[in-house]
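Report on one structure; see the data block that follows.
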Amino acid sequence: MLSLFAFLSYPLLFVRAAVTRDFPWANLLLFLIAMALMVWGLRRAFAPDRAHPLPSKIGGGVLATLSLIVLAFFIFTVFVWARLMPASHGAPQVGQQAPDLTLTDTNGKTVTLAELLSSPVGANTAAATDRSAIPPKGVLLIFYRGYW
Amino acid sequence: MAISVDTPQESLELSKQAGYTFTILSDQNTEAIRRYDLLHTGAGINGHDIARPAEFLLDSRGTVRWINLTENYWVRARPEQILEAAKVLQ
């Protein structure tokens, strides 16, 4: 009974929630709490007065190792893997003219940067044919990785 | 507008599901991505080339007024940052 409780007292926080903030304070805090509970649970499992010591120690050891692996994986993917990107020194700097683009919109129609700069609010909306609409003050290009 | 290597059909799906009203454009042959030096070779699914994340704010003449080349792809420009940068376009 006691050993079962010892198993259940290890919270396996496989919380790899999407990082929506610039620094994953919440996730790291959860990991900290998980580690503290893990240490507490391990101490209980390895206490000399346990009724069935061996299952508690094995279970405790396994779960603790798994928790550490999850934590290491999280730290690696968030802080190391996500930074492995090309330096992009050739990208246009502030003050430079943006290179022209010829791309395809979601209707299969070809769009160039010149068109984007002159036609109001996108090429495939009602505003595009409204002659009284004001041309855009600028264009925000968001390059993303895709596969969302 | 948002640019990626996804096909127009994939982008249309995404746009519909998420309810986006802005323009999503496809750069499947990575031509624009390479012209802007944003190519991240082999980083996509199945080792495809994709763009590294970046944002460029252009004025009405096509001059770059603000860029964001994030060092960490989890960290992107927030709307407030872009709106602040866009004030220069007034």
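The values are calculated or read from the model by the stated rules, or taken from the named source; none is laboratory data. Since the model is a prediction, treat every value here as computed from it, not as a measurement. Cβ atoms come from the backbone with ideal geometry, glycine included; neighbour counts cover every protein chain shown.
Table: residues versus (1) in contact with a strand residue (DSSP E or B) (Cβ under 9 Å, 6 or more places away or on another chain); (2) at pLDDT below 70; (3) under 28 Å from B:Ala85 (Cβ atoms); (4) of a type in the set (Val, Ile, Thr).
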{"position": "A:Met85", "(1), (2), (3), (4)": "yes, no, yes, no"}
{"position": "A:Gly90", "(1), (2), (3), (4)": "no, no, yes, no"}
{"position": "A:Ala114", "(1), (2), (3), (4)": "no, no, yes, no"}
{"position": "A:Ala123", "(1), (2), (3), (4)": "yes, yes, yes, no"}
{"position": "A:Ile134", "(1), (2), (3), (4)": "no, yes, yes, yes"}
{"position": "A:Leu141", "(1), (2), (3), (4)": "yes, no, yes, no"}
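Consider B:Thr23 against the criteria (1) surrounded by 16 or more Cβ atoms within 10 Å (Cβ to Cβ); (2) at pLDDT 80 or above; (3) more than 20 Å from A:Met85 (Cβ to Cβ); (4) out of contact with any Ser or Thr (no Cβ under 6 Å at 6 or more places or on another chain): it satisfies all of them except one. Which criterion is unmet?
Every listed condition holds for B:Thr23 apart from (2).
So which residues in the range A:74-111 are at the interface with chain B (Cβ under 7 Å from one of its Cβ atoms) and among the hydroxyl-bearing types (Ser, Thr, Tyr)?
Scanning the range A:74-111 gives A:Ser88, A:Thr104, A:Thr106.
Sort out which residues of the range A:56-66 are surrounded by 15 or more Cβ atoms within 10 Å (Cβ to Cβ) and either among the β-branched types (Val, Ile, Thr) or at pLDDT 70 or above (or both), and write them in order of number.
Within the range A:56-66, A:Lys57, A:Gly59, A:Gly60, A:Leu63, A:Ala64 qualify.
Can you tell me which residue is surrounded by the most Cβ atoms within 10 Å (Cβ to Cβ) among those in the range B:26-72 that are within 7 Å of another protein chain (Cβ to nearest Cβ) and in a helix (DSSP H, G or I)?
B:Ile33
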